[in-house]
Amino acid sequence: MNTRRNFLAQLVVTAATPALLCSKLLGQTPAPVKLEESDPMATALGYKEDSAKVDAAKYAQHKADQKCSGCALYQGKAGEANGPCAAFGGKLVLAGGWCAAFAKKPEAAK
């Protein structure tokens, strides 16, 4: 009886090991999701994929030169078309977009 228990225990461990390894290897950080203008958080912050399409009457603080790529919350690399944004939980925003959470990036020290 003891041998049968050992066999079953080893069978369970042997069968579970590949599943656990695959889940660890394949369970890497998922790719960021693109933020849609219809997303509730995007709507709340007035996110637009094109900064030129921001409603000036509703968002008087918006300036034409403000774009996601120039925001401190934007985590994309310079020159990329889009990148993750901290204001939207790491979802991808377009570099030319804008939202009310815009905060100008600090100037680089010279």
Checklist entry - Residue-wise, which Karplus ³J(HN,Hα) couplings in Hz belong to the stretch 57-62, taking 6.51 cos²θ - 1.76 cosθ + 1.60, θ = phi - 60°, and x for glycine or proline? => result 5, 7, 10, 5, 6, 5
Next on the checklist: Take GLN10 and LYS58, extend 7 Å from each Cα along the Cα→Cβ direction, and tell me the distance between the two endpoints in nm.
Outcome noted: 6.7 nm
Next on the checklist: In the stretch 31-94, if the dipole is taken from +1 on Lys/Arg beta carbons and -1 on Asp/Glu beta carbons about the Cα centre, which of LEU73, PRO32, LEU45 is farthest to the positive end?
Outcome noted: LEU73
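Throughout, read-outs are computed from the coordinates displayed, never taken from laboratory work. Keep in mind the model is a prediction, meaning the values are calculated, not measured. Using ideal geometry, Cβ is built from the backbone for each residue, glycine included, and neighbour counts are taken over all protein chains shown.
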